[in-house]
1. Among residues belonging to the range B:170-187 that are at the interface with chain A (Cβ under 7 Å from one of its Cβ atoms) and farther than 15 Å from residue A:43 by Cβ, point out the one that is surrounded by the fewest Cβ atoms within 10 Å (Cβ to Cβ).
2. Here is a list: B:149, B:163. Which entry is assigned to a helix (DSSP H, G or I), out of contact with any strand residue (DSSP E or B) (no Cβ under 8 Å at 6 or more places or on another chain) and within 30 Å of residue A:44 (Cβ to Cβ)?
3. Quick check on residue A:91: is it in the same structural domain as residue A:115 (by TED's automatic domain parsing), touching a strand residue (DSSP E or B) at 6+ places or on another chain (Cβ under 9 Å) and at pLDDT below 90?
4. Please specify each residue of the range B:81-100 satisfying the condition of being within 18 Å of residue B:144 (Cβ to Cβ) and part of a loop (DSSP other than H, G, I, E, B).
5. Would the range A:43-52 turn up any residue that is part of a helix (DSSP H, G or I) and within 21 Å of residue A:181 (Cβ to Cβ)?
6. Filter the range B:97-146 down to residues that are within 14 Å of chain A (Cβ to nearest Cβ), over 28 Å from residue B:37 (Cα atoms) and either at pLDDT 95 or above or surrounded by 17 or more Cβ atoms within 10 Å (Cβ to Cβ) (or both), then give me how many there are.
7. Going through the range A:33-42 one residue at a time, which ones are surrounded by fewer than 18 Cβ atoms within 10 Å (Cβ to Cβ) and touching a helix residue (DSSP H, G or I) at 6+ places or on another chain (Cβ under 7 Å)?
8. With the structure loaded, tell me whether residue B:16 is within 13 Å of chain A (Cβ to nearest Cβ) and part of a helix (DSSP H, G or I) or whether it fails that test.
């Protein structure tokens, strides 16, 4: 087999030659064409997955910093970042049976208020006197408090605060409600997970192809693994 | 060394060092994303918590929760336990004091009304172990190694931000990839914004 030398590489188009820049003598001279094409595919998929999922990774990184420094944001806002503001108040034009479940009451209230169509939770208040419904929304969550005694419905919206928004987006998951869009979000999260795992393995592949980086790369990888293991067994 | 090469090398070497954390965050996200499925893995009737002992104990538990960490520290001290811990009130008159450890699950349950506390050991479920690793962070423990872990979490997140910026830089310097890369970038951003609007 004739090894791939500089001559055959020079015959490639400019963009392909550019993509093999920095690959090292090893790849050019000893790897069969199929391996090189696979390597290029790995690189492209690594890049395009990162471009597509950049917003998700940005949110997860920024939100983790916000959660890791909750006290800082609490001080910045002068209190808890979750603040509710009354939006409207009305009397519900209907009644519910005494044994109605909070979840079904919550759905009826949200439908009446035209806030249905998305993820929500409903529970009885600790004193049992009201039903509290939380309508989950990435940007403006709402809290609806219904008091059966006087059929009063109070709707509050959460004031937008960056740290609270980031934490909501980080924690948002799917597959736990009947709404398709919620599951679509859950699928996107799963795809991000798969992408992260792919980035790890494709990154290792790309590192191994760069012979000049093997030693330092291996040292750093072992150092990181050692530090991680130390934490695992000590805290 | 050119800036281009330096950028590539830092992108690579950061990833090599932080590989365990990045891989852990990915894998540990799975039980969060599919929580209801993972809960069914252990519904064979085995109790999640077993009691090591129970005894009488009397300590004031005020309505306000701001002082719960001091109360938790006092309880642990009286039991001869130490280490990082968190507190939680499932109801106003009960306090959970949970020791924070990757490999063990131990908690103290104090009931103010009954004036009793119980020390319990938890069954270490592997998916909860992963979730514990994922959620660990913050500087509330005031213990050196726990703060060190929190700093590494910060470091990983800064690294992710760097990988995004350096990755964009590397992509832009591949002219042949700019068109499709821009389309993919716009598609991803558009999808994300759409989710913000419709969820």
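The values are calculated or read from the model by the stated rules, or taken from the named source; none is laboratory data. Since the model is a prediction, treat every value here as computed from it, not as a measurement. When we count neighbours, we look across all protein chains shown, and the Cβ atoms used for this are built from the backbone with ideal geometry, even at glycine.
1. Among those residues, the one meeting the criterion is B:187.
2. Going through B:149, B:163 in turn, the sole match is B:163.
3. Criteria not met by residue A:91.
4. B:82, B:83, B:84, B:100
5. Yes, that holds for at least one residue.
6. Here the count works out to 4.
7. Listed by number, the residues that qualify are A:40, A:42.
8. Spelling it out, residue B:16 is indeed within 13 Å of chain A (Cβ to nearest Cβ) and part of a helix (DSSP H, G or I).
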